[in-house]
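The values are calculated or read from the model by the stated rules, or taken from the named source; none is laboratory data. Quick caveat, the model's predicted, so the values are computed rather than measured. Neighbour counts are summed over all protein chains in view; Cβ atoms, including those assigned to glycine, are modelled from backbone coordinates with ideal geometry.
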Amino acid sequence: MPLFRLNPKAPEAPALTLANTDDVLQLGARLHGVKLIVLNFPKFTDGRAYSQARLLRERLGYQGELRATGAVFLDQLPFLLRCGFSSFESDQKGFGEALEKARTLFSVVYQPVGDGRATAAELRLKRRNATVPLAAD
Amino acid sequence: MAKNLSGELQVASANRLSDGVVVFLDDAGQWTPRLDQAALARDGRGAEILLERARVEGASVVDPFLVAVSEDDDGTVTPLSLREKIRASGLTFDAIAAEAVRYA
Amino acid sequence: MPDTHFYRYDDFDRTLIAERVEQFRDQVRRRLSGELTEEQFKPLRLTNGLYLQLHAYMLRIAIPYGTLSSRQLRKLAEIARKYDRGYGHFTTRQNLQLNWIKLEDAPDALAALAEVDMHAMQTSGNVVRNVTADHFAGAAADEIEDPRIWCEVVRQWSTLHPEFSFLPRKFKIAITGSPNDRAAVRVHDIGLRLWRNEAGEVGFEVIVGGGLGRTPMIGKTLREFLPKEELLAYLEAALRVYNRYGRRDNLYKARIKILVHEIGAEKMREEVEAEYAAMKDSALKLAPETIEAIANQFAPPPLPHRSAIVPEVERLRLEDRDFALWLKANTNPHRLAGYRIVTASLKPAGAPPGDASSVQMEGVADIADAYSQGEVRVSHEQNLVFPHVVIEDLPSVYAALKRLGFAEANVGKITDIIACPGLDYCALANARSIPVAQRISNHFADLARQHDIGDLKIKISGCINACGHHHVGHIGILGVDKNGVELYQISLGGDVDFGKTAIGTILGPAVTADKVVEAVDALVATYLEAREKGERFVDTYRRIGAQPFKERVYAAV
């Protein structure tokens, strides 16, 4: 199964493979030193791994590689990337090319997630504050 | 007018992918909106073959399936179920016409 | 052209919907070429509002918080004309459905919608759906705060949410800003009720796990009082709990109401509060400037003081019986004395309920421009609403609506029927609902009789999915299929008005299509004979119970 990694040089061990029913918040010490976590989509319509990914990244501060396996298709890439996935196992034709384009498919995002992208709300505030005149000089 | 109501007569139907129109598989393996041109399977084996053919020709339609029909003495084919009757012949009431305005 | 008095898209919003349209255009291309299978494509088209129905694709266009500008309504008319068969259907969730869309035209139709800041995103699929509100928002006398502000806040947060795009099942949120809940918040996956606590602060009661359908349930209070700025963090916590623990093994047990039922409201509260606590002070806390910027856009139009007593209107009311009945049934008090809220009845006798042709839509847009600050609302009862009409203008509005066929004085009455599209259109249906509605409507067409019968809500669904909300009808009618024959099960006493939520109880064995009118007649006759002064149908039912109704109905059918 072809593998696409955002960072092809990143270490892949030690690795941890989780079922999409596993509670990542209970991992505790098992997470320590792990370089690769493999999550699963038994069907692409089963979205539990999106929550697992966000909790790993944002709640637990995991910074290693986060891999999506199972039913992984290119149309879900914008969501997968925003939730923090950094590698993908997929035999769908055109997946690699789609991965290149996926990050710029949507230039506006509404929700703050762990990907560090400024949300529309944040940009609006910034814009508003930039036009607020300074106190009288 | 004797009708065959045993449910052994089947046609293959689907919705056309590009526009959702209800279509039936004809003898030439083409999809037609006309029920009167649908290929008729007259027994179980024939129905299996018909459905298989529908799947083979399925690129231009969505999810083909078999529809039980009856056939009049004069050859008029009618679906047995109300649902399929509606699929084949449309709404059972007059929808608002495109330029409808009622005057009091 | 009047300015709009609701949220106006900025470049961020416009860019997002344009990019979604382009993404969808490419997805359609890949589906038509066979690169994508139907299985892969289906969720992608559903999250753009495109269903495959019996005869054609159906496009469900989002009308956020049921609010439309006249410009938007004209565009809908144009799209219905160009890409459909010249009419559309307004739904119980304040959306518009076009029934004859072609897949190959869908990207162009969506691009046309985008021109007026409209879309069909997330009106279907296992995602957070269109957030509905009270159709009198911003105009009603009893409003604490305009709920639409919060609908917009939630709309943005939920649109293309990367974590919640593959939920166990659909997720419907409704918000009310009034103690008289006109948004049916207790029968939604999450309902939000704005209220003022003793300290004078306005916040949300958060209600979870309500719903109709196969297993109707009334929602439970998850949180009594949630400060407004915490709304998104709390919703995110609730959705995350649902995404993680909602059932995935059985389509019919996958809604959040089942999860609440299975683990209990107390456990659900624990889970959500724990998740919320872990997220406290998150980036989701709403900045006051963000709230203010959105709230300001919903500021009501300047409505100059106008006289509440208009001699001309009084005179017409006394002279013209139809106008008098129309005033009584189809207009409601506005928070300002010189104004009324006017409902355009999309239930002319014998017509398919809730449908409007392109010509009629354009006519409504004209009336909105002339008499209602350019604004129209979609109610939950498949009617349209003009929120701010000067009393002086009521005769003109009445005349204009009459010319369109939308002036039947039947709002809230027996012929103001809510019906789903049913087996005539819908692939999920077991029985037809529109012809049943038409027969009942024709039978009770006499206006004087309707007003004598009084407030009576008949709601008809063509299958257990309950899109016609039959569970909460005073008279609910559910179409079922038994051995290929359409039968109709009648229930009584459902309600979803004035803060009261009740699921109707089934009367007895289902009746055949040709007996439905007799059955309803018998129900009405029972009520008319037994009623005490001031009692509506549903009040009499609550007082005397089902037995007298049951006896009369089954003697008649």
(message) So C:R45 passes all but one of these: (1) over 21 Å from C:W100 (Cβ atoms); (2) assigned to a helix (DSSP H, G or I). Which condition number does it fail?
(response) (1)
(request) Give me the pairs, please: first residue somewhere in the stretch A:10-30 and touching a residue at least 24 places away in the same chain (Cβ under 8 Å), second residue anywhere and assigned to a helix (DSSP H, G or I) and polar (S, T, N, Q), beta-carbon distance under 7 Å, and either six or more positions apart or on two chains. (result) A:L18/A:Q52; A:N20/A:Q52; A:V24/A:Q52
(request) With respect to C:W100, determine if the residue is among the aromatic types (F, W, Y), in contact (Cβ under 8 Å) with a residue 24 or more places away in the chain and more than 13 Å from chain A (Cβ to nearest Cβ). (result) yes
(request) Name, by its number, the condition in (1) touching a helix residue (DSSP H, G or I) at 6+ places or on another chain (Cβ under 7 Å); (2) among the hydrophobic types (A, V, I, L, M, F, W, C); (3) at pLDDT below 95 that does not hold for C:L336. (result) (1)
(request) Mind listing whichever residues of the stretch C:259-290 are part of a loop (DSSP other than H, G, I, E, B) and of a type in the set (G, A, S)? (result) C:G264, C:S282, C:A283, C:A287
(request) Scan the stretch C:291-312 and give yes if some residue there is buried (at least 20 other Cβ atoms within 10 Å of the Cβ), assigned to a loop (DSSP other than H, G, I, E, B) and either modelled with pLDDT of 95 or more or within 14 Å of another protein chain (Cβ to nearest Cβ) (or both), otherwise no. (result) no
(message) Step by step: first the residues of the stretch B:18-38, then only those that are among the charged types (D, E, K, R) and more than 23 Å from C:L36 (Cα to Cα), then the one that is farthest from the chain's Cα centre (by Cα). Which residue is that?
(response) B:D27
(request) Within the stretch A:54-75, track down each residue that is touching a Pro at 6+ places or on another chain (Cβ under 9 Å) and either within 10 Å of chain C (Cβ to nearest Cβ) or of a type in the set (D, E) (or both). (result) A:R54, A:E65, A:A71, A:D75
(request) Kindly indicate which of C:V116, C:V206, C:V187, C:V131 is more than 17 Å from the chain's Cα centre (by Cα) and crowded, with 23+ Cβ neighbours inside 10 Å. (result) C:V206
(request) Can you tell me which residue within the stretch C:506-557, out of those that are small (G, A, S) and part of a helix (DSSP H, G or I), is surrounded by the most Cβ atoms within 10 Å (Cβ to Cβ)? (result) C:A519
(message) Looking at the stretch C:476-496 only, could you name the residues that are in a strand (DSSP E or B) and hydrophobic (A, V, I, L, M, F, W, C)?
(response) C:I477, C:L478, C:V480, C:V485, C:L487, C:I490, C:L492
(request) Quick one: in the stretch A:50-98, of everything that is among the hydroxyl-bearing types (S, T, Y) and farther than 15 Å from A:K35 by Cβ, which residue is nearest to the chain's Cα centre (by Cα)? (result) A:Y50
(message) So in the stretch B:21-69, with the set limited to residues that are surrounded by 14 or more Cβ atoms within 10 Å (Cβ to Cβ) and among the polar types (S, T, N, Q), which one is farthest from C:A56 (Cα to Cα)?
(response) B:Q37
(request) Output the number of residues of the stretch C:340-362 satisfying the condition of being buried (at least 22 other Cβ atoms within 10 Å of the Cβ), of a type outside the set (S, T, N, Q) and out of contact with any His (no Cβ under 7 Å at 6 or more places or on another chain). (result) 9
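This table checks each residue for (1) in contact with a Leu (Cβ under 8 Å, 6 or more places away or on another chain); (2) surrounded by fewer than 22 Cβ atoms within 10 Å (Cβ to Cβ); (3) away from every other protein chain (no Cβ under 14 Å).
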| position | (1), (2), (3) |
| --- | --- |
| C:W150 | yes, no, yes |
| C:F164 | yes, no, no |
| C:R182 | no, no, yes |
| C:N197 | no, yes, yes |
(message) Would you confirm whether or not the stretch B:52-70 contains a residue that is in a loop (DSSP other than H, G, I, E, B), more than 9 Å from chain C (Cβ to nearest Cβ) and at pLDDT 90 or above?
(response) yes
(message) Suppose the filter is more than 20 Å from C:P352 (Cα to Cα), outside the structural domain of C:R182 (by TED's automatic domain parsing), surrounded by fewer than 23 Cβ atoms within 10 Å (Cβ to Cβ) and at pLDDT 95 or above; does C:R74 pass it?
(response) yes
(request) Answer with yes or no whether C:E230 is buried (at least 19 other Cβ atoms within 10 Å of the Cβ), of a type in the set (D, E) and either in the same structural domain as C:T505 (by TED's automatic domain parsing) or in contact with a helix residue (DSSP H, G or I) (Cβ under 7 Å, 6 or more places away or on another chain) (or both). (result) no
(message) Of the conditions (1) within 10 Å of chain C (Cβ to nearest Cβ); (2) farther than 25 Å from A:Q52 by Cβ, A:E100 satisfies every one except a single condition; which number is it?
(response) (1)
(request) For residues that are more than 7 Å from chain C (Cβ to nearest Cβ) and assigned to a loop (DSSP other than H, G, I, E, B), scanning just the stretch B:8-23, find the one that is farthest from C:R30 (Cα to Cα). (result) B:E8
(request) Count, please, the residues in the stretch C:31-79 that happen to be at the interface with another protein chain (Cβ under 9 Å from one of its Cβ atoms) and under 20 Å from the mean Cα position of the chain (by Cα). (result) 1
(request) Evaluate the following for C:A329: is it touching a strand residue (DSSP E or B) at 6+ places or on another chain (Cβ under 9 Å), in a helix (DSSP H, G or I) and either at pLDDT 95 or above or not β-branched (V, I, T) (or both)? (result) yes
(request) Could you please find all residues in the stretch C:134-145 being crowded, with 24+ Cβ neighbours inside 10 Å and closer than 23 Å to C:P304 by Cα? (result) C:H135, C:F136, C:A137, C:G138, C:A139
(request) Quickly run through the stretch C:366-418 and pick out the residues that are among the β-branched types (V, I, T) and in contact (Cβ under 8 Å) with a residue 40 or more places away in the chain. (result) C:V376, C:V378, C:V385, C:V389, C:V390, C:I391, C:V397, C:V411, C:I414, C:T415, C:I417, C:I418
(message) Considering only the stretch C:429-442, I want to know if a residue exists there that is out of contact with any helix residue (DSSP H, G or I) (no Cβ under 7 Å at 6 or more places or on another chain), surrounded by 23 or more Cβ atoms within 10 Å (Cβ to Cβ) and closer than 13 Å to C:G468 by Cα.
(response) yes
